[in-house]
Every structure is written in structure tokens, then in C-alpha cells.
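Notes to accompany the following structure.
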Amino acid sequence: MSAHFAQAQTIQGQSPPAPPGLGPRAGTAAPGAPADGTPPNVETVATHNGWIVQCGDVPAQAGQAPVKTCGMTRSGNSDKDAKIGISLIVKRFKTQDGKVQTVMDAFAPIGVYLPTGVAMEIDGTALEGRMAFTRCLPRACDAFGEASDVTLKKFNKGKQITFYIYDRPGNGYPIKFPLSGFAEGLADLDKFVAK
């Protein structure tokens, strides 16, 4: 949807009224796109059952060369309302102590109810914790979370993950992704972690 609406406020413990719809603002650049509108140089490295591994160059800081970064992406819409969906980016990198860390960014439409974050369940079982919204850009709100080794094992063994975004407390929009291909995509990301 192209309409933007202000986030409703909870009044005296009551649920806020349902907003007219979730969706990005029209006529603005996509998240992460350069301000001049030039598309970033992104290369698709592999695709595994809809999980897409892509690499691209991060713009250089002053006096430094561009840095190559890779991520696994997936986008989908809710069966409850096909106009509402998320784009997920999974990244792996080495921390300063040499440990491999996995993080996830979920881009949800403007108008999501921020306090609830993004809930997740695998094969009908809820995962502990939620991805917290960290910022809203002109066209999307970004929820961020770190995936522990225990969580990644559940991703690798599971059949389906469901993400839930909300427009008000208790009114969630499920977005389902098959997990077939996730483990293969993660293995592809590992090839680029040390580079």
C-alpha cells in the first residue's frame, strides 16, 4: 500500500484502533539504496529454494577500499493480507575475537506496531525472544536480532519458519518461509566470512 500513517498510541491500556493498512511511502528510495538513486552493484552467488545468497561492495570510507559483504535474502507476504510482508537479510561475519556471528535484519512496512518487534516460530513452536525494531527508514522499519547456535540448529532442522509482524497488540500478520535451502545458503555465506 502507498499510504503512510502515524503509529497509534495505547490509551489507558486499551489496544489502539486498527490503522488503515501497512505499507511503504511512495516515491522514496529503497532501504540501503544510495541517495543518488544509483543501484548498488549486487551479484547473486547462489539460490537455494528461494533463499538467495548475494554479495556486493559496501561503499568505501574515506581513504579505504570498498569492502565486499554477502548476505542471504528472502522476501514474502502474509497469507492474511498479501499487501503486507517482510524482507529478511541473514549475514555472517567474524567478530574481533574470531567467533562467527549470525545476525538477521527484517525489513517490515511503515506502520508496524514497534513495541512488539518481530516474533518467530519454527514448525509451530515459538522461538525465545523477538527481533527488536531499531529504526524506521522512509519506506521500511528495520528489526534486528542475533541468531545463536541453538537457534541456527532449529533453522537447519526445521521445515518452516513463520515471522509475525503486528499493526497493534494482538493483531499479527504471519509471513511463512520454507526452511529447505536455508542450511545450504548459510554454508555459502561461510565461504565469504573470512574474505
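Here are some notes:
- Residues being touching a residue at least 60 places away in the same chain (Cβ under 8 Å), over 28 Å from LYS68 (Cβ atoms) and β-branched (Val, Ile, Thr) - total across region 143-195: 2
- Candidate set from region 100-126 (those that are more than 22 Å from ARG139 (Cα to Cα) and not in a loop (DSSP other than H, G, I, E, B)); member that is modelled with the lowest pLDDT: VAL100
- Residues (outside any strand (DSSP E or B) and under 18 Å from the mean Cα position of the chain (by Cα)) located in region 47-78: ASN49, GLY50, SER78
- Scanning region 65-75 for residues that are at pLDDT 75 or above and either touching a Leu at 6+ places or on another chain (Cβ under 8 Å) or exposed (fewer than 11 other Cβ atoms within 10 Å of the Cβ) (or both) yields a total of 6.
The values are calculated or read from the model by the stated rules, or taken from the named source; none is laboratory data. Since we're looking at a predicted model, the values are computed, not measured. Reconstructed Cβ throughout: ideal geometry from the backbone, glycine too, with neighbour counts over all protein chains shown.
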